[in-house]
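Working notes, beginning with the structure itself.
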Amino acid sequence: MSVDAIETKSKEYIRPMPANWWMTKKTYVSFIVRELTCIFVGGYALFLLVLAARLEEPEAFAAWLNSPLLIILQIVALPMVLYHSITWINLTPKVMVVWRGEERVSPLVIAGANYVAWAILSIAIFYLVCI
Amino acid sequence: MEHQSHDILIVGGGGAGLRAAIAIGEENPNLSVAVVSKIYPMRSHTVSAEGGAAAVIKPNDSLEDHCYDTISGSDWLADQDAVELFVNEAPAEMVQLEHWGCPWSREPDGSVAVRPFGGMKIERTWFAADKTGFHMLHSLFQTALKFNNVTRYDEWFATKLLVHDGRCQGVAALELRTGQIRAIAGKGTILCTGGAGRIFPFTTNAAVKTGDGMALAYRAGVPLKDMEFVQYHPTGLPGTGILITEASRGEGGILINSQGYRYLQDYDLGEPLDVNDPSHPRKRTMELGPRDRLSQAFVQERKKGETIEGPYGDYVHLDVRHMGEKKIDKKIPFVRELCRNYVGIDPVHELIPVRPVVHYVMGGVHTNIEGETPLPGLFAAGECACVSINGANRLGSNSLTELLVFGARAARAAVRFGAQAADIAVEEITALAEQEQQRIRERFFQPQGGTETIAGLRTELTSTMESGAGIYRSEESLRASCDKIRELKQRSGQIELADHSLTFNTELTTALELEYMLDVAEALVHSALARTESRGSHQRTDYPERDDQQFLKHSLAFQSDGDPRIEYLDVAITRWPPGERVYGSK
Amino acid sequence: MAASESAQSAATITLEVFRYRPGQDDEPTFQRYDVPYQEDWVVLDALNHVKDHIDGTLTYRWSCRMGVCGSCGMMVNGDPKLTCAAFLRDYYPDAIRIEPLNYFPVIRDLVINMDDFLDKMSEVKTWLIPKEEKPVSEGEYLQTPAELAHYKQFSMCINCMLCYAACPVYGQHPNFIGPAAIALAQRYNLDSRDGAADDRADAIFSHEGIWECTFVGDCTRVCPKKVDPAGAIQQAKVEATKDWFRSVLVPWGNK
């Protein structure tokens, strides 16, 4: 008499997460790109270590540095590292919360302060290294 | 059939239901409590309340004043012993909720802040920005998670009270996920199911406000008290009915008609002050008058042709521009968000279109001051109950406090009852639940060639409620509604469901809700027809005066085979003899 | 069908809706419905029109229709939204694809199983555990407006779970405590009246808690109440790191 009274436990459907999940949304794509830039940051750190180690043989190292492969790598690495730094600094207001009474210090100020610090450090290092 | 057994069961997981559960969780950890709700508790309609909750805590205030404001606001229909008790217990309940984490807005010194509200001589409305109900509900829900003796039945829809041997021993409830109906048994059953605004077409109320508990009690022979008293909130958005909180007026907002005129001054609500006057808004005056009077003023303005025509009917304007962006963002940010999202205006620069919409049902399941109904083992609290502290018109910000005071009281009464009650008659209760399962299967799951649709009947119901039992009523309009509802009840037997699944069948629950709505509507219109006087929110064009001689009484509507039987119960008067409601003076 | 036939001359919009009927369907399907287009309608209005006039079997959750109860979250064109706050005019005249919230099991049609989230709330102890006991008779705990401001944003969560439906970490690791639960834990940790940050630390300063988060940040983007759960999680990471340094450098100060 009752239509489907026998069915007491219904089957839930679990949607599998597709392997290309990171391509399905703009925000996911930019997240993956941001994460991938870490490779270049890490890679450049390694490069700086190698540079430091090779300071005693400047000519051979300089020749290697001038090879097309290394030049291309440098050209690619710069925007990647810049992108990484910019996205990182833009996120600092989320992590650094500074209160002035009932109001939060504006995120622009926090990010701005980080940019200023970055600029100062960069200029100082440039000065030390190149001058 | 399996059954679930607890000591106390609570139907409804909103403010009142959760407060009741916490009361037992804290005070009787050895008892097992069930909270049976057709939705997840944090979705309950308490969440939409905006303005605040009243309780006396400031030195310039007094319990007497809160009592007087409430009693006069109720047009003397409130039971004064209940009001005194409510006012006395309110401050402690509110402090208790603060101790449970509720993020009340504060004074600079860290004490709780209060703001003025309609009909109150002194400001005493505690608030959490303009999302008070949201914060109260989430504080209660999160606190309730602490207790191991509280078991939640989320998305279980109660379909019938299980009454055996002259007492209520539980409910039959449909588990939405499986489609099975089970008995949930308890020595005490507390109804906390909220009001029934959805029987009207324009309402601030959410979809779930369909009067379930009221109808369940009504069908079990418990009378519904004062059902004719329905509150129209003066400032809802046209069309959607979304609530624009009274707090916008408490913070200084003004109501103006099509001519830009503050029309409330023509309706015995006092003299308007300039909005920049430091004494504006003056309490119990103009925009801070009681809700029934403000809604009635709108209807009069419409008759005079001074309202603005719109696609969803006429409206007037609420002006908060003079408050300035900073004050609006601090005190009524949610109002700004709602206006931008749903009417595309920014109240900082533009006028808000508003009109009266149904908001609250003063009437409900008849209880005494302990929350006990005439049916042993059955209790009720919150909007679904009528104690009565709200009488013929509720003051804004009393209902949120009411949830706490009476949620706790009903819980304690249920516990006392359970302690001396005999064991549950498990076999008989289970058999009743099985019969209920059978009834629902036969009624809704067998193709019967029915011709009616749920939406069609619902539209006809809401239409007749608005035209027959709106802000102004007459014998003619009410009789027409009585007839229409009788007809709709008969036709509801012809509803045919398209959905015969047992898994999460919301078409079934919507049909059951429609049946509840018809029962509640029936009690309402018949009670209104019988009350041949005007009092508070019940205004009869054929009987425009208040008649204390005949009607200083509560109406009690009892379900019967034909039309409901209406009886009367005297109002309890203690210290405040009936007087005239005066606003705008002093 | 009568409603849409008579509205043929008026504007309509197409909904492509995910259907799953356990017992009837092994796999989900999509069903198309043409509904009247009205400029001030939201997606929820369109769904209600379908249920009332076209197909009574379509199943979904909703209640307040004003963005405060959190019931009506669904994927609208692949992005989690409250359907009571997603306006048809933002999609018209294109069709609108409606699916249940991502990364949750589907009970039926647009209804998902959210038990996991509620379990996590209990795990994380989302309730006030006061620093000091105070009897009700002594009145309220004092809390200045500045102290209230510190946690207020995180208290605005309506439990709609759009953030979980946006979080690819949760999609791949269902054990992840998740954005809303951690934001709620922070709401209490930062409440000046609360004293149980250490109690909650086990649950959230854990592998399944904050450290699972890779700061995709989509949770914050989709949150309808501007709770900023991503911010809550990163701030918790800073706290956890400071705690760790403290425990390592000042070991005698520990409980």
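Averaged over the residues of peptide C:187-199, the number of Cβ atoms from other protein chains lying within 10 Å of each residue's Cβ is 1.
Dipole size of chain C about its Cα centre, with +1 on Lys/Arg Cβ and -1 on Asp/Glu Cβ: approximately 480 debye, rounded to the nearest 20.
With the helix formula -39500 (n - 2.57) applied to DSSP H stretches of n ≥ 4, chain B reaches a computed 222 nm mean residue ellipticity of -11000 deg cm²/dmol. Taking the Cα centre of segment C:1-151 as reference, the dipole from Cβ charges on Lys and Arg (+1) and Asp and Glu (-1) amounts to some 80 debye.
Of the residues B:T143, C:T14, the one with the fewest other Cβ atoms within 10 Å heads the list, and the complete ranking is C:T14, B:T143.
Residue by residue, segment B:67-75 carries 3J(HN,Hα) couplings of 4, 4, 4, 5, 5, 5, x, 7, 6 Hz when phi is fed to the Karplus relation 6.51 cos²θ - 1.76 cosθ + 1.60 (θ = phi - 60°); x denotes Gly or Pro.
What separates the Cα centres of segment B:1-63 and segment B:291-315 is a distance of 37 Å.
How far, in nm, would the chain grow between B:T532 and B:N149 when pulled straight, counting 0.36 nm per residue and subtracting the alpha carbon separation? Show your work: numbers first, answer last.
On the way: separation 383, 0.36 × 383 = 137.88 nm, distance 4.90 nm.
The B:T532-B:N149 span can extend by a further 133.0 nm.
Quick check on chain C: of the DSSP beta bridges with both residues there, what percent are antiparallel, nearest 5%? Walk me through the intermediate numbers first.
Details: 18 of 21 bridges.
Of those bridges, close to 85 percent are antiparallel.
Close amide H pairs (under 5 Å, H built 1.01 Å from N) link B:R535 with B:R540, residues at least 5 positions away or on another chain.
Separation of segment B:550-568 from segment C:99-120 is 46 Å, based on Cα centroids. Below 12 angstrom from the Cβ of C:A203, what's the summed charge of the other residues (Lys, Arg +1; Asp, Glu -1)? Summing Lys/Arg as +1 and Asp/Glu as -1 gives -3. Between the helical axis of A:107-130 and the longest alpha-carbon principal axis of chain A there is an angle of about 30 degrees.
Where the alpha-carbon atoms of chain A are placed on the principal axes, they occupy 93, 50, 22 Å, in descending order. Selection among C:T214, C:G67, C:S122 by position relative to the dipole of the protein assembly as shown gives C:T214 as farthest towards the positive end (Cβ unit charges, Cα centre).
Spatial offset of segment B:418-490 relative to segment B:66-96 amounts to 33 Å, using the alpha carbon center of each.
For segment B:30-121, count the residues as N, evaluate 2.2 N^0.38 Å, and divide the Cα radius of gyration by that value, please. Write down the numbers at each step before the final one.
On the way: Rg = 16.0 Å, N = 92, 2.2 N^0.38 = 12.3 Å.
Taking N as the residue count of segment B:30-121, the ratio is 1.30.
Where nothing but the Cβ of Lys and Arg (+1) and of Asp and Glu (-1) is charged, how large is the charge dipole of chain A around its Cα centre, in debye to the nearest 20? Computed about the Cα centre, the dipole is about 380 debye.
Legend: mean number of C-beta atoms from other chains within 10 angstrom of residue C-beta atoms, peptide C:102-111, equals 5.
Using the alpha-carbon atoms, what tilt in degrees (0 to 90, nearest 10) does helix C:229-249 show relative to the longest principal axis of chain C? For helix C:229-249, the angle is close to 20 degrees. Exposure proxy ranking for C:C64, B:C482, based on other Cβ atoms within 10 angstrom of each Cβ and starting from the fewest, stands as B:C482, C:C64. By the count of other C-beta atoms within 10 Å, a proxy for reagent exposure, B:W100, C:W211 are ordered fewest to most as C:W211, B:W100. Put simply, when B:10-23, B:403-416, B:343-356 are sorted by average Cβ atoms within 10 angstrom per residue, most first, you get B:10-23, B:403-416, B:343-356.
Coordinate-derived values only; no laboratory data. Treat the numbers as computed from the prediction; the structure is a model and nothing was measured. Reconstructed Cβ throughout: ideal geometry from the backbone, glycine too, with neighbour counts over all protein chains shown.
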